[in-house]
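Enquirer: My questions will all concern the structure given below.
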Amino acid sequence: MTVGILALQGDFREHLQVLQRLQAPARLVRLPQHLEEVDRLILPGGESTTIGKLMVAYDLLEPIRRRAGHDLAVWGTCAGAILMARQITAGEARGQPLLGMMDIAVQRNGFGSQVNSFEASLSLPVLGEPRFRGVFIRAPVIESVGAGVDVLGSLPETGTIVAARQGRLLAATFHPELASDDRFHRFFLEL
Ligand code: GLN
């Protein structure tokens, strides 16, 4: 089992470091043929507009969609979660390329433009105790989820959804790869 990490832009190296720590076979994915060697794929944080445009340029959108409909497990973190979404709600980014595979609607930079980076102690029942340190960097907000989507965790005060799962598709609006806590990666490896 090899885990692919989409390596077009963003913090793919940090994800790679976690997988190496877990001794999980991993490879960077930049071209469609790289997908043939993986059965899981991580979409890292970064700039979703840039990653989306590069996915179009490298002909990756369709192959990822096809594989995800078939056998590929996919986990989007932050910008990656935006790319997973069926819909972007606010005006700013309408028309940017998306994979659109998960029945979630997200708002980019949904925590506002001033206080847009913060940390929160997250209760994520699938990861058990203790709470998970959520690092949010210009994070999106998952505004709604479809009937087939399980909410995995929300912010304590506001109830804002921060992680969700639809079968073998997973989205987190924060950066588990920056938390020095491998539990979320292990959860993805066991999906
Ligand atoms: N704000 C970025 C976007 O809209 C996401 C930020 C991140 O991945 N840390 O794509």
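Enquirer: Whose amide H sits under 5 Å from the amide H of Gln87, counting only residues 5 or more places off or on another chain, with H placed in the peptide plane?
Expert: Ile104, Val106
Enquirer: Rolling a 1.4 angstrom probe over the protein heavy atoms, how many square angstrom per residue are accessible across segment 32-103?
Expert: Per-residue value: 41 Å².
Enquirer: Whats the longest run of the chain with zero GluC sites (Glu not before Pro) that are DSSP loop and have at most 12 other Cβ atoms within 10 Å?
Expert: Segment 38-156 is the longest.
Enquirer: I would also like to ask the following. Measure off, as a whole percent, the carbon and sulfur share of the 1.4 Å-probe accessible area of segment 51-191, all protein chains present.
Expert: Ligands and nucleic acids excluded, carbon and sulfur reach 48 percent.
Enquirer: While we're on this one: What number does segment 1-123 give for Rg over Rh if you use C-alpha atoms and the Kirkwood radius?
Expert: Answer for segment 1-123: 0.97.
Enquirer: Principal axes first, then extents: for the Cα atoms of segment 101-187, list largest minus smallest coordinate on each axis, whole Å, largest first.
Expert: Taking max minus min along each principal axis of the Cα atoms, segment 101-187 gives 35, 28, 21 Å.
Enquirer: Calculate how many DSSP beta bridges within the chain are antiparallel, expressed in % of all such bridges and rounded to the nearest 5.
Expert: If I count the DSSP bridges inside the chain, around 50 percent turn out antiparallel.
The values are calculated or read from the model by the stated rules, or taken from the named source; none is laboratory data. Bear in mind the structure is a predicted one, so any value in this text is a computation, not a measurement. Every residue, glycine among them, receives a Cβ derived from its backbone with ideal geometry; neighbour counts consider all protein chains shown. Quick note on the areas: whole protein, heavy atoms, side chains included, nothing else; ligands and nucleic acids left out. Shrake-Rupley method; radii C 1.70, N 1.55, O 1.52, S 1.80 Å.
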